[in-house]
Structure formats: C-alpha cells, structure tokens
Amino acid sequence: MRRQSHEESARGEIERLAAIIQTQNDIALAGLDLDVVMRLIAERAMILCGAGGAAVGIIEGEEMYYRVCTGYSKQFEGARLAIASTMAGTSVLRGEVMRTDDTERDPRANVDAARRLKVRSMLNVPLKRDNQTVGVLSIASQVPFAFVDSDERTLELMAGLLGAAMGNAAEHAAKQALMTEVASIVTALQESQHLFDSFLNNNPALAYMKDESGRRVFVNEPFRRFFGLSPGVDVSTIPDEQLMPAETVAHLQEQDDQAFKSGQPSVSESMIPTPDGEPRQFLTYRFIARDSSGRRFLGGVSFDITERKAAEEALRRSEESFRALIEGSPEAIFVHRGGPLLYVNPSACSFLRLKASELVGRSLLDFVHLEDRAEAAGMLDGLPGRGALPGRGAHRVREIRFQPPDGGVLTAEISSLRLVFAGQPATLVSARDLTERRQIQARLVVADRLASVGTLAAGVAHEINNPLAFVISNLSFLTEELHAITGLLPPGRLDELEEVLEETNEGVNRVRLIVQDLKTFSRGDEEQPSAVDLRRVIDSALALARGELRHRATVVKEVSEVPLVEGSEARFGQVVLNLLINAAHAIAAGQPDKNEIRVVLRAESNHAIIEVKDTGCGMPPEVLSRIFDPFFTTKPVGVGTGLGLSICHGIITGFGGEITATSEMGRGSTFRISLPAIRKSKLKAG
C-alpha cells in the first residue's frame, strides 16, 4: 500500500507540472484573446486543484465584474457585484492571497454569500498588473479544508500566467502606451518565468526537455546537480553518452522514442547511475509539449525512488522470512484483522483438520468451544492497545478448548500479538496443542493411582480371604447339620432356614468373587505370555456376549489382518468381553435396529488396534476421567463392583499395551486398545 501511495503522489506532482507547462504553451497559442486565456486558466485551475468552481473577476471601479466563471460558479458569469459584498472581496481589498479553509469559521469570509452558494472553502489570488490589483482568480469547494499549500502555489503560478496574459492584452489595447505596456509585460513574464523556474528548480525531481532530434533544450537545477553540470554549461551540446553508460542511454532512448511515437504520457522505472557509478532508481514521467509554432518537445520529470525501492525490498525479504518462520512453525498460527482469518499456517490446518481455504475468511471463534468463547473473545477480537507498536502488547497465555468440525475437543495454549500483515495492523494468534500432553498426564495419573490401589488391593484381598474361608466352611457345616436335624424342626421351619442359608451363601460367593478380582487386579496375569491371535479373541468374546447384545444393538464387526501379539488369550478375551458388556449397558434395551456396537480390529504402525464403539448415552468429562479408577462405577448398587475397567487397564498395560477412551454425551463412547506386535525373534524361538 505504501508503494502505491508514493507513486500516486509522484505522478500527481508530475502531472500538475506538465499541465502548467502545457497551459503556458496554450496561452501562447491563444495569443491576445483574453477571454480564451481566462477560461483556459479558470478551467485548468479548477481541475489541478480539485475545485468545484472557478472564477476570474476584474475590478471595474467599486464593482467586481465576473468575466469568466466555470463549474458551479458558472451562474455568476457576467455579474457585477460590489467588491465588499463578494466572497473574494477581502483578498482584493488587501491585495493578498487568501485561503479560507472553512467559511463557517473564518472571520474574513462573507458568511451569508458562502451559505447561499453552499461554499465551505475558497482560495483567492489577486491578479496584479504594475503592482496594482486588477482582479482576482478564485476557486471554491463545497467541502471544508479542500485546498493545501501545493494548491496555493499552483494558483499563484496560474494567476501569474493570467496576469502576464492580461498584460499582453492591455498592451495590445493601449497602443499609445506601447513601451510602458511592453515593460509591464516583460516584467510580468519575467516574474512568471522566475516563479516557473523556482517551481522547477526547487522540485526534487530531475526535469528536462528534448526536441525531436534528441537534443536537450532545457534541464532544471536538480538535473545539473545530479550529473555534476555547472550552471553555465550548455546542455544542448552534451550527448547522453557523456553522462551515462551506453546500455543506460539505449534503454532511455527507447523509452523517449516510444513517448514521441505514441504522443501519450507514460511512466516508467529506470536505473541511472551517478557520475561516480552509484546506481540510482528513478520513476520518470514523460509527456509531449508544443511551442507556438506547433513543434513538439519531449518533457521528462524523474523522481529518485532508490530509498523507497530499498525499503520495499527489505520489507519483502522480511515478509518472506516471517512467512518461512510461521510456515514451518509446529504451533498453529492464525492471523486476523478484527474478525475473519487472513492467514493460517500448515500447523493450524493440521490442528483443526481443515484446509486453508476452509479456514480463511471465517472467524477463529467459530472453532472455539462454546464454554470458552467469552474468554477467548477478549484475545481474538480487536487489537490490543490502540497506538501500540507492532510486536508489542501481547496478551498473557491462556488455555482454550477448540472443537474441530469433525468432532472431538482439543486443548491449546494460546497467545496473541499485534503485528503488521500485508501493510496493515493485524493480530497473530499462536496456539500450542496441549491435547496429547493432557492425555499423557491423565494416563500417568491413572497409572500411578492404579499402582497405589493395586498395592492396597493385595493386602485387602489377603486380609479378607482368611476369615472368608472360615465363613464358607462353617456355612457348609451348618447346611449339613440342618439336614441332620430335619425331623426335630417344626413344619415349614426347614424351608425358612434353608432360604436364609442360601442368601448367606450368595453373599459369601459375591465377596469371594470380589476378592478374586482384587487378586487379579493386584498381581496381574500369572500365566506365561504366548503369541495371541486377536481375531480368535474377538470371535470368542462376541459369542459369549451375544445374549447381552442382541436385544440392545446391531453388532458390526470389521476385522483386518493384524500381527500376533504377546499376552494371554484368556485375559484379552476378558478385556474385550468387559468392553462389550459395558457398551451394551450404555444402550437401552428394545431398539437394536436403531443402535450399533462396532468392533474394529486393524493394524497400525506395528501395533494391533482393537476399538469397541457404541452409540449409547455417552459419558460426561467428569465420569470419563475416572473410568479406570478402582471401585468407580456408574451402575446401580449390586450390578457392578467398579473393578472391571481397572482390571482391563491392568491386563493391557501389563502386556505393554495401552487402553484409552473417548466419549460424547448423547453420541456414544469408543474404547481403544493398542498392543505391540510380537517380535519376530520370539516367534522363531517359539
């Protein structure tokens, strides 16, 4: 954006200079027809200064005669008004340039007249002849603060040209005072030329003019200084080859020829070295001018843009380095400007599992977990600290949850930073994926918890097992003795006692099973590990669970070829059966056609993967985080001990595997088992 602004500014100055030069030529062509000259000056002044109206007023006694008007001032052409009542009256009476930025605030302005004409800003330059104010050149706009210093200088120059032209006309009209008028015209022309020369020589651009033979007929002072030419040197006698290398001359000559041939203004960039060989980059505007005889000349104005080009190149390299940095960053990078995303790096696409085209144009808040959006909005909306420098004012780091469109919840550590992106202020948001780290931390917590509880469970099982053996033995003795004294008991009493003993036996057996589970949980599997075919494990578990599954869901089995794993077929079968039963219990009975339990067996990175997926009720996060805890259960009292999944966890991890779970309320759960493939060396040894 900065480059375009400089080019437009340079081009505007060049075009204004060209128009003034052309106006001077046109005045010469118009001769002494003062009406034509005045209209030409008024129209050019209005266009060059961006005004809505322009007027040339001539003083006649106490009145101002508006001889030429254009734009929305056209309605006053031919009018005669008292000087004091006109909007330009103050400028005329004082004989000085008057710029009114806002007629509503400037005490010099004729407010009533300005309001009638809806004029808000004016620029008035007195027209002078023989140091006497003879009129005024005015431009006006319906917008306040419409004119700047460059417009004032331009209008003064145009007024000087008009004053000179009026002097020529006055000389022609007053034959009896020919010598006086000639002196006045010469003076006016000299002043005009001096102003014109001052304009060209104080402009930073290198200006020159050539005839059709390629000979320079004019250069300004910056041109002379650049090439080291003293003021007295006749540039028409110095060929281009004496000033520049041959290849530069050929390049510039080609551009000059094209401008002469087309007759149209053109803009081009060229490298022109200084006399000591330093390369400089120039932006040159070329145009065609004509003298009074119609001869054509090529005008050129060149602006040194070397520093700007160097800044642009440095910016380009900086942006390339910045882009390479964030393109290769492992963190997800998002850039936005108060809403829609402008840029995302590859890590951001991987993080949200979307293509860049699917992210750019959308708000990052669309992917933030609903419960975290209020907190995230403060970091993602707007820029931190108005007036802050780019790279400053970063927000503190926060943890935010994201929800990719394909499901799941991701936790990320995000921070934001203000910077300049594509030439405008923007906000960079960096997100570091913490999901896997959190999962590992959770697994470590569970493993540590299970290890502690396992030690405790071994002791508890031992302490319960000894008295339990006495209870079981005594119950057996009581049962035998009860049958021995049957004849001594009243009628019906035997049945009552047998029922009590049966209930007691059920309770004791339940305690025995719990103790057995505790032993399994604490010591792991004591069987010798062997090569296990998981396809047989799944088939066996499905056969055992068929009665529990068929009334609740349709079972889908997806079994692929997988490597053998090391472990216990019985223990693995126990794990899969437990997961199948839990999946069935998560689904209400009665609608098997509307629910599904999917069992998947596949290979992945030298591991065998078992997945048990259900479309049941799902689990909230607070339940999911505790499902592998011993004695934790969501089932009714008497239905489960809370050891099933903790035992499953112990079996799988005991054989070097991993068991994890994901769940979403109302959509179901997925349990995933990963077991390493048995090493080939062990297979050969076996």
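The values are calculated or read from the model by the stated rules, or taken from the named source; none is laboratory data. All values derive from a computational prediction rather than experimental measurement. Cβ placement follows ideal geometry from the backbone for every residue including glycine, while neighbour counts extend to all protein chains displayed.
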Notebook entry, point to check: Among the residues of the range 644-686, which ones are surrounded by 15 or more Cβ atoms within 10 Å (Cβ to Cβ), at pLDDT below 90 and either among the polar types (S, T, N, Q) or not assigned by TED's automatic domain parsing to the domain that holds residue 609 (or both)?
Noted result: 646, 653
Margin query: Just to check your reading of the model, which residue among 476, 530 is under 30 Å from residue 567 (Cα atoms), surrounded by fewer than 15 Cβ atoms within 10 Å (Cβ to Cβ) and either in the same structural domain as residue 655 (by TED's automatic domain parsing) or at pLDDT 75 or above (or both)?
Written below: 530
Next item on the list: Take the range 10-35 and flag every residue that is more than 56 Å from the chain's Cα centre (by Cα), closer than 29 Å to residue 301 by Cα and outside any loop (DSSP other than H, G, I, E, B).
Entry: 28, 29, 30
Checklist line | Test for residue 123: is it among the aliphatic types (A, V, I, L, M), modelled with pLDDT of 90 or more and surrounded by 15 or more Cβ atoms within 10 Å (Cβ to Cβ) | finding: yes
Next item on the list: Please enumerate the residues belonging to the range 222-261 that are closer than 13 Å to residue 273 by Cβ, in contact (Cβ under 8 Å) with a residue 12 or more places away in the chain and among the aliphatic types (A, V, I, L, M).
Entry: 243, 244, 252
Next item on the list: Those residues that are touching a residue at least 24 places away in the same chain (Cβ under 8 Å), closer than 19 Å to residue 156 by Cβ, among the charged types (D, E, K, R) and assigned to a loop (DSSP other than H, G, I, E, B), I need them from the range 71-111; list them, please.
Entry: 96, 101
Checklist line | Search result, residues across the range 313-344 that are surrounded by 12 or more Cβ atoms within 10 Å (Cβ to Cβ) and among the polar types (S, T, N, Q) | finding: 329
Next item on the list: Kindly indicate whether residue 155 is touching a residue at least 40 places away in the same chain (Cβ under 8 Å), touching a Cys at 6+ places or on another chain (Cβ under 8 Å) and of a type in the set (A, V, I, L, M, F, W, C).
Entry: yes
Margin query: Can you report the number of residues in the range 265-316 which are over 30 Å from residue 422 (Cβ atoms) and without any contact (Cβ under 8 Å) to a residue 12 or more places away in the chain?
Written below: 5
Notebook entry, point to check: Name the residues in the range 200-215 that are in contact with a Pro (Cβ under 9 Å, 6 or more places away or on another chain) and within 13 Å of residue 287 (Cα to Cα), would you?
Noted result: 207
Note to self: Would you confirm whether or not the range 417-426 contains a residue that is more than 27 Å from the chain's Cα centre (by Cα) and either at pLDDT 75 or above or loosely packed, with under 13 Cβ neighbours inside 10 Å (or both)?
What the structure shows: no
Margin query: Could you check the range 333-357 and list, in sequence order, the residues that are in a helix (DSSP H, G or I), out of contact with any Lys or Arg (no Cβ under 7 Å at 6 or more places or on another chain) and either under 20 Å from residue 401 (Cβ atoms) or not assigned by TED's automatic domain parsing to the domain that holds residue 405 (or both)?
Written below: 347, 348, 350, 351, 352
Check: Is one or more of the residues making up the range 64-73 within 12 Å of residue 122 (Cβ to Cβ) and crowded, with 17+ Cβ neighbours inside 10 Å?
Finding: yes
Next item on the list: Scan the range 222-266 for residues that are touching a helix residue (DSSP H, G or I) at 6+ places or on another chain (Cβ under 6 Å) and closer than 20 Å to residue 290 by Cβ and report the count.
Entry: 1
Note to self: What's the total number of residues in the range 293-304 that are more than 17 Å from residue 225 (Cα to Cα) and either crowded, with 18+ Cβ neighbours inside 10 Å or in contact with a Leu (Cβ under 7 Å, 6 or more places away or on another chain) (or both)?
What the structure shows: 3
Next item on the list: Answer yes if at least one residue in the range 120-132 is over 28 Å from residue 198 (Cβ atoms) and outside any loop (DSSP other than H, G, I, E, B), and no otherwise.
Entry: no
Check: Would you call residue 51 within 30 Å of residue 300 (Cα to Cα), in contact with a Leu (Cβ under 8 Å, 6 or more places away or on another chain), hydrophobic (A, V, I, L, M, F, W, C) and not in a helix (DSSP H, G or I)?
Finding: yes
Checklist line | residue 219 vs. criteria touching a helix residue (DSSP H, G or I) at 6+ places or on another chain (Cβ under 8 Å), surrounded by 16 or more Cβ atoms within 10 Å (Cβ to Cβ) and without any contact (Cβ under 8 Å) to a residue 24 or more places away in the chain | finding: yes
Notebook entry, point to check: Within the range 191-212, is even one residue at pLDDT below 85, surrounded by fewer than 16 Cβ atoms within 10 Å (Cβ to Cβ) and farther than 22 Å from residue 163 by Cβ?
Noted result: yes
